[in-house]
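Notes follow the structure.
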Amino acid sequence: MTDCIFCKIVAGDVPATKLYQDELVTAFRDINPLAPTHILIIPNVHLASANDLAPEHAAAAGRMLTLAPELARQEHIAESGYRLILNTGADGRQEVPHMHLHLLGGRRMQHPLG
Ligand code: 5GP
Ligand code: ZN
(Lines give C-alpha, C1' and ligand atoms only; values in the text may rest on other atoms or scores of the structure.)
(Ligands and ions follow the chains in the order given, each with its own letter.)
Protein backbone atom coordinates (compact mmCIF):
# COMPACT_ATOMS: atom_id res chain seq x y z
CA MET A 1 0.00 0.00 0.00
CA THR A 2 1.81 3.13 -1.18
CA ASP A 3 -0.36 5.61 0.73
CA CYS A 4 -0.33 3.79 4.08
CA ILE A 5 1.66 5.53 6.82
CA PHE A 6 2.51 2.27 8.59
CA CYS A 7 3.63 0.59 5.35
CA LYS A 8 5.92 3.60 4.88
CA ILE A 9 7.31 3.10 8.40
CA VAL A 10 7.95 -0.58 7.59
CA ALA A 11 9.76 0.45 4.41
CA GLY A 12 11.75 3.14 6.22
CA ASP A 13 10.22 5.90 4.09
CA VAL A 14 8.68 7.61 7.13
CA PRO A 15 10.82 7.98 10.28
CA ALA A 16 9.85 6.15 13.45
CA THR A 17 11.62 5.00 16.58
CA LYS A 18 11.85 1.35 15.64
CA LEU A 19 12.54 -1.08 18.45
CA TYR A 20 12.39 -4.29 16.44
CA GLN A 21 12.02 -5.41 12.86
CA ASP A 22 12.26 -8.78 11.16
CA GLU A 23 10.82 -10.34 8.03
CA LEU A 24 7.31 -10.52 9.54
CA VAL A 25 6.74 -7.64 11.95
CA THR A 26 7.89 -4.16 12.96
CA ALA A 27 7.63 -2.50 16.38
CA PHE A 28 8.01 1.21 16.96
CA ARG A 29 7.08 3.85 19.53
CA ASP A 30 3.68 5.50 19.19
CA ILE A 31 4.06 9.12 18.10
CA ASN A 32 1.47 10.22 20.68
CA PRO A 33 2.16 8.01 23.70
CA LEU A 34 -0.73 7.45 26.09
CA ALA A 35 1.49 5.78 28.70
CA PRO A 36 5.20 5.79 29.62
CA THR A 37 5.59 2.80 27.33
CA HIS A 38 3.42 2.89 24.21
CA ILE A 39 4.64 0.69 21.39
CA LEU A 40 2.88 -0.37 18.20
CA ILE A 41 3.53 -3.85 16.81
CA ILE A 42 2.45 -4.33 13.22
CA PRO A 43 2.65 -6.95 10.48
CA ASN A 44 4.98 -5.89 7.68
CA VAL A 45 2.33 -6.93 5.18
CA HIS A 46 -0.55 -4.49 4.77
CA LEU A 47 -3.63 -5.79 6.57
CA ALA A 48 -6.25 -3.07 6.94
CA SER A 49 -7.52 -4.53 10.19
CA ALA A 50 -7.84 -7.77 12.12
CA ASN A 51 -10.75 -8.53 9.79
CA ASP A 52 -8.19 -9.23 7.06
CA LEU A 53 -6.40 -11.91 9.06
CA ALA A 54 -6.34 -15.21 7.20
CA PRO A 55 -4.60 -18.52 7.90
CA GLU A 56 -1.53 -17.46 5.90
CA HIS A 57 -0.99 -14.63 8.39
CA ALA A 58 -0.68 -16.96 11.35
CA ALA A 59 3.10 -16.60 11.51
CA ALA A 60 2.99 -12.79 11.51
CA ALA A 61 0.11 -12.70 14.00
CA GLY A 62 1.93 -15.13 16.27
CA ARG A 63 5.13 -13.10 16.06
CA MET A 64 3.21 -9.92 16.97
CA LEU A 65 1.92 -11.60 20.10
CA THR A 66 5.16 -13.29 21.16
CA LEU A 67 7.13 -10.08 20.59
CA ALA A 68 4.95 -8.22 23.10
CA PRO A 69 6.39 -9.83 26.27
CA GLU A 70 9.91 -9.52 24.88
CA LEU A 71 9.44 -5.80 24.41
CA ALA A 72 7.75 -5.55 27.81
CA ARG A 73 10.81 -7.13 29.43
CA GLN A 74 13.06 -4.76 27.48
CA GLU A 75 10.97 -1.81 28.76
CA HIS A 76 11.05 -3.22 32.33
CA ILE A 77 7.26 -3.42 32.53
CA ALA A 78 6.82 -7.19 32.28
CA GLU A 79 6.50 -7.59 36.04
CA SER A 80 4.35 -4.51 36.67
CA GLY A 81 2.09 -5.46 33.77
CA TYR A 82 0.79 -3.96 30.60
CA ARG A 83 -2.16 -3.89 28.24
CA LEU A 84 -2.33 -5.19 24.68
CA ILE A 85 -5.01 -3.57 22.52
CA LEU A 86 -6.04 -4.38 18.97
CA ASN A 87 -8.59 -1.78 17.94
CA THR A 88 -10.63 -2.95 14.97
CA GLY A 89 -12.98 -0.90 12.81
CA ALA A 90 -15.12 2.10 13.66
CA ASP A 91 -16.67 0.80 16.86
CA GLY A 92 -13.22 -0.37 17.96
CA ARG A 93 -11.92 3.19 17.39
CA GLN A 94 -9.29 2.06 14.93
CA GLU A 95 -7.85 5.18 13.30
CA VAL A 96 -4.92 3.91 11.24
CA PRO A 97 -6.06 1.33 8.68
CA HIS A 98 -3.04 -0.95 9.01
CA MET A 99 -3.55 -3.53 11.73
CA HIS A 100 -1.53 -2.75 14.87
CA LEU A 101 -1.21 -4.10 18.38
CA HIS A 102 -0.79 -1.44 21.08
CA LEU A 103 1.54 -2.32 23.97
CA LEU A 104 0.82 0.07 26.83
CA GLY A 105 2.44 0.09 30.23
CA GLY A 106 4.34 1.96 32.87
CA ARG A 107 1.22 3.20 34.61
CA ARG A 108 -1.92 1.66 36.07
CA MET A 109 -4.60 1.44 33.37
CA GLN A 110 -8.19 2.45 33.88
CA HIS A 111 -10.06 -0.61 35.05
CA PRO A 112 -12.94 -1.03 32.59
CA LEU A 113 -12.54 -1.65 28.90
CA GLY A 114 -14.54 0.79 26.81
P1 5GP B 1 -5.64 3.36 16.58
O2 5GP B 1 -6.52 4.43 17.13
O3 5GP B 1 -5.77 3.23 15.08
O4 5GP B 1 -5.78 2.05 17.29
O5 5GP B 1 -4.16 3.82 16.89
C6 5GP B 1 -3.34 4.46 15.96
C7 5GP B 1 -2.10 4.89 16.70
O8 5GP B 1 -1.11 5.23 15.75
C9 5GP B 1 -2.32 6.12 17.59
O10 5GP B 1 -1.96 5.79 18.93
C11 5GP B 1 -1.41 7.16 16.96
O12 5GP B 1 -0.80 7.99 17.93
C13 5GP B 1 -0.39 6.33 16.21
N14 5GP B 1 0.17 6.96 15.03
C15 5GP B 1 -0.53 7.56 14.03
N16 5GP B 1 0.32 8.03 13.08
C17 5GP B 1 1.58 7.69 13.49
C18 5GP B 1 2.87 7.90 12.93
O19 5GP B 1 3.05 8.48 11.85
N20 5GP B 1 3.93 7.43 13.64
C21 5GP B 1 3.80 6.77 14.83
N22 5GP B 1 4.91 6.36 15.43
N23 5GP B 1 2.57 6.56 15.39
C24 5GP B 1 1.49 7.01 14.73
ZN1 ZN C 1 -0.12 -0.51 5.42
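The values are calculated or read from the model by the stated rules, or taken from the named source; none is laboratory data. Everything numeric in this text was worked out from a predicted model, so none of it was measured. Here Cβ is always computed from backbone atoms with ideal geometry, including for glycine, and neighbour counts include all displayed protein chains. These accessible areas exclude ligands, DNA and RNA; they are computed on the full protein's heavy atoms, side chains included. Shrake-Rupley method; radii C 1.70, N 1.55, O 1.52, S 1.80 Å.
Surface listing: Thr2, Thr88, Thr26 arranged by accessible area from highest to lowest gives Thr2, Thr88, Thr26, probe 1.4 Å.
Couplings 3J(HN,Hα) of the range 62-79, computed from phi: x, 5, 4, 6, 6, 6, 4, x, 5, 5, 4, 5, 4, 8, 6, 10, 4, 6 Hz, in residue order, whole Hz [Karplus 6.51 cos²θ - 1.76 cosθ + 1.60, θ = phi - 60°; x for Gly and Pro].
Taking Cα centre as origin and charging only the Cβ of basic (Lys, Arg, +1) and acidic (Asp, Glu, -1) residues, the dipole magnitude of the range 52-114 rounds to 280 debye.
Per-residue surface analysis assigns Ser80 an accessible area of about 90 Å², computed on protein heavy atoms at 1.4 Å probe radius.
Using the Cβ of Pro97 as centre and a radius below 12 Å, the other residues enclosed give a net charge of -3, where K and R count +1 and D and E count -1.
Rounded, prolate or oblate, given the Cα gyration tensor of the range 5-105, with a/c below 1.5 counting as rounded?
Rounded.
Database remark: amide H of Gln94 closer than 5 angstrom to the amide H of Thr88, Gly89 (H placed geometrically; neighbours at sequence offset of 5 or more, or on other chains; Pro and chain starts carry no H). Annotation note: GluC sites (Glu not before Pro) in the range 1-109 located in DSSP loop regions with a Cβ neighbour count of at most 12 within 10 Å are Glu23, Glu79, Glu95. Longest segment of the chain with no trypsin sites (Lys or Arg not before Pro) in a DSSP loop having at most 16 other Cβ atoms within 10 Å? The longest such stretch corresponds to 1-92. The candidates Val45, Val10, Val25, arranged from most to least accessible area with a 1.4 Å probe in the full protein assembly, appear as Val45, Val10, Val25. A dipole drawn for the chain from +1 and -1 charges on Cβ atoms has a positive end, and of Ser80, Leu34, Pro69 the residue lying farthest that way is Ser80. Remark: relative contact order (the chain) = 28 percent; criterion is Cα-Cα distance under 8 angstrom and separation of 6 or more residues. In a simple Cβ point-charge model (Lys, Arg +1; Asp, Glu -1; nothing else charged), the range 5-105 has a dipole of about 180 debye relative to its Cα centre.
A 1.4 Å probe run over the protein chains yields, for the range 53-114, 67 Å² of accessible area per residue, whole-number rounding.
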